[in-house]
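What follows is a single structure, written as structure tokens, with notes after it.
The values are calculated or read from the model by the stated rules, or taken from the named source; none is laboratory data. Owing to the predicted nature of the structure, the values given are computational and were not obtained by experimental measurement. Ideal geometry is used to build each Cβ from the backbone, glycine not excepted, and the neighbour counts take in all protein chains shown.
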Amino acid sequence: MVDYFQMEALLTVEERSFRDKVRKFVDEECTPLIATHFDSGTFPVELIPRMTETSLFGLHVDGYGCKKASHTIYGLICQELGRCDSGLRAMVSVQNSLVMYPIHAFGSEEQKIRWLPKMARGELVGCFGLSEPDFGSNPSGMMSSAVKQKNHYLLNGTKMWITNGSIAHVALVWAKMDDEIRVFLVEAGTPGFQATLIQRKFSYRTSPTSLLIMKDCAIPEGNILPGAKGLKSVLSCLNYARYGVACSALGSAVACYEAAEPFTRKREIFEKPIASYQLVQEKLVRMVLEITKAQLLTFHLGRLMDQDKAKPPEISMAKMNNVREAMKIARMARDILGARGILADHHVIRHLCDLEAMSTLEGTESIHTLIIGQDLTGISAFH
Ligand SMILES: Cc1cc2nc3c(=O)[nH]c(=O)nc-3n(C[C@H](O)[C@H](O)[C@H](O)COP(=O)(O)OP(=O)(O)OC[C@H]3O[C@@H](n4cnc5c(N)ncnc54)[C@H](O)[C@@H]3O)c2cc1C
């Protein structure tokens, strides 16, 4: 695996051992079947019990059947899963950062006891419904609404692009109540609630991206997370998820390099391996340079998060940089592989397609640029 700056030595024994366990799971059980699922546009649900056995759920939570891992370990897990497939990584990230974390951070004791142990065991899957057809980069404008009734909440609205939506047992749906953003646990099967798979996607094909429609859904009083109020609560979840995307993109970049580099030594053109041509070497060097920079950035960010010192704009910088550079690396790898580069069996084209979605989800490059710009200047250029 690419490690040009000998970063392996910076990892603790525990970090290496968790990473190696996930790496083995990915290489032996996920990668062999992922191209077929990408082709058919299906999520490999059969891997969920094995994800549980690999301890991939409940990583931000202590207690309630969960064992908290450091952010550094979480980042390594996302890199390994992302090295295989972004849809797999997204499933794990959403369950951890966007469902279990908010239930633990903002839920009542009863809610934690009811949901977290089953989620840690992979028996229940969740999704995070924030984006709407007309409100993605600007979630504060959301139209979804909840109205307090005598003994329930009446929820209406539409959520779009929701990862895990159609396989989820429960959706965390953000909606405005009395002009304040709140979040509700909407259980699958609730009358008026519908989760439909979005079809004909050319990116994130293994991920069940869904449309959620809530029409006069009666949500029990016990299904509002009492501690989540306003955009600040939303953003605290997104910080973890954005870090997950940054790590996943780095995993994609590594996978693309690992597919291209051995090929350059095997493939002979004009009677020499293409690795012997300066133009090809330059591409390999650029790939390793950007992978190394992303590894250093991501590793340090994980350590800052572990010390509770990371600022959201720093997370933005990692997300923005890693996705952007991974896209360039995937394109170079695709080019090196020649025609083979478009085959799912060589994996690079899958990563390239998935990185297109990753450049949008969890905040576009423009949005992260504005976040960092505001941090540097003190002036918001969003509006
Ligand atoms: C595969 C996938 C999975 C997803 N999973 C989830 C999920 O699980 N839950 C969830 O809630 N959402 C999810 N999303 C939605 C994602 O978060 C949104 O797509 C994202 O926030 C961007 O919103 P949008 O698509 O509406 O784009 P828009 O907000 O409409 O942006 C369109 C363009 O305008 C630009 N733009 C916007 N504002 C500005 C500005 N102020 N200045 C300059 N340019 C600007 C953007 O950068 C972009 O280029 C997912 C999306 C995808 C593709």
Quick one: count up the residues across region 191-231 that are closer than 17 Å to GLY126 by Cα and basic (Lys, Arg). 0
Residue within region 291-306 that is closer than 24 Å to ASP85 by Cα, modelled with pLDDT of 95 or more, within 16 Å of the ligand (Cβ to nearest atom) and part of a helix (DSSP H, G or I) present: no
Does region 149-159 contain at least one residue that is within 16 Å of the ligand (Cβ to nearest atom) and in contact with a Pro (Cβ under 9 Å, 6 or more places away or on another chain)? yes
Considering region 360-383 alone, what residues qualify as being within 20 Å of GLU132 (Cβ to Cβ), at pLDDT 95 or above and in a loop (DSSP other than H, G, I, E, B)? THR360, LEU361, GLU362, GLY363, THR364
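Condition check ((1) touching a residue at least 60 places away in the same chain (Cβ under 8 Å); (2) surrounded by 19 or more Cβ atoms within 10 Å (Cβ to Cβ); (3) at positive phi) across all residues:
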position: GLY141; (1), (2), (3): no, no, no
position: LYS150; (1), (2), (3): no, no, no
position: TRP174; (1), (2), (3): yes, yes, no
position: ASP179; (1), (2), (3): no, no, yes
position: VAL186; (1), (2), (3): no, yes, no
position: GLY189; (1), (2), (3): no, no, yes
position: TYR240; (1), (2), (3): yes, yes, no
position: VAL245; (1), (2), (3): yes, yes, no
On the basis of being outside any loop (DSSP other than H, G, I, E, B) and within 13 Å of the ligand (Cβ to nearest atom), does SER203 make the cut? no
Only one of (1) surrounded by 15 or more Cβ atoms within 10 Å (Cβ to Cβ); (2) over 18 Å from the mean Cα position of the chain (by Cα); (3) farther than 21 Å from ALA260 by Cβ; (4) not β-branched (Val, Ile, Thr) is not met by ARG19, so which one is it? (2)
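Within region 332-383, restricting attention to residues that are of a type in the set (Asp, Glu) and surrounded by 21 or more Cβ atoms within 10 Å (Cβ to Cβ), which residue is farthest from the ligand (Cβ to nearest atom)? Steps first, please.
Restricting attention to region 332-383, the residues satisfying the condition of being of a type in the set (Asp, Glu) are 335, 345, 354, 356, 362, 365, 375.
From what is left, the residues that are surrounded by 21 or more Cβ atoms within 10 Å (Cβ to Cβ) are 354, 362.
Details: ASP354: 8, GLU362: 6 Å.
This residue is ASP354.
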The listed residue being touching a strand residue (DSSP E or B) at 6+ places or on another chain (Cβ under 6 Å) and of a type in the set (Gly, Ala, Ser), out of ALA246, ALA255, ALA228, ALA330: ALA228
If I filter region 87-138 down to residues being more than 12 Å from the ligand (Cβ to nearest atom) and acidic (Asp, Glu), which single residue comes out as farthest from ASN223 (Cα to Cα)? GLU123
Among the residues of region 152-172, how many are crowded, with 24+ Cβ neighbours inside 10 Å and either more than 15 Å from LEU197 (Cα to Cα) or touching a Lys or Arg at 6+ places or on another chain (Cβ under 7 Å) (or both)? 2
Output for region 28-46, where each listed residue is touching a residue at least 12 places away in the same chain (Cβ under 8 Å) and among the charged types (D, E, K, R): GLU29, ASP39
Please indicate, with yes or no, whether at least one residue in region 57-66 is out of contact with any Gly (no Cβ under 9 Å at 6 or more places or on another chain), over 25 Å from LEU197 (Cα atoms) and of a type in the set (Phe, Trp, Tyr). no
For region 212-226, name all the residues that are surrounded by fewer than 18 Cβ atoms within 10 Å (Cβ to Cβ) and either without any contact (Cβ under 8 Å) to a residue 60 or more places away in the chain or out of contact with any helix residue (DSSP H, G or I) (no Cβ under 9 Å at 6 or more places or on another chain) (or both). ILE213, LYS215, ASP216, ALA218, PRO220, GLU221
For region 295-308, give me each residue that is surrounded by 14 or more Cβ atoms within 10 Å (Cβ to Cβ) and either of a type in the set (S, T, N, Q) or closer than 14 Å to ALA330 by Cα (or both). GLN295, THR298
Scan region 183-203 and tell me whether some residue there is touching a helix residue (DSSP H, G or I) at 6+ places or on another chain (Cβ under 8 Å), closer than 30 Å to LYS293 by Cα and at pLDDT 95 or above. yes
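Within region 68-78, can one find any residue that is without any contact (Cβ under 8 Å) to a residue 24 or more places away in the chain and under 24 Å from LEU301 (Cα atoms)? Talk me through it step by step, then tell me what you get.
So in region 68-78, the residues without any contact (Cβ under 8 Å) to a residue 24 or more places away in the chain come out as 68.
Okay, now just the ones that are also under 24 Å from LEU301 (Cα atoms), so 68.
Scanning region 68-78, I find at least one residue that is without any contact (Cβ under 8 Å) to a residue 24 or more places away in the chain and under 24 Å from LEU301 (Cα atoms), so the answer is yes.
Answer with yes or no whether THR31 is surrounded by fewer than 19 Cβ atoms within 10 Å (Cβ to Cβ), farther than 21 Å from TYR240 by Cα, out of contact with any helix residue (DSSP H, G or I) (no Cβ under 6 Å at 6 or more places or on another chain) and hydroxyl-bearing (Ser, Thr, Tyr).
Numbers: surrounded by fewer than 19 Cβ atoms within 10 Å (Cβ to Cβ): yes; farther than 21 Å from TYR240 by Cα: yes; out of contact with any helix residue (DSSP H, G or I) (no Cβ under 6 Å at 6 or more places or on another chain): no; hydroxyl-bearing (Ser, Thr, Tyr): yes.
So THR31 does not fit the description; no.
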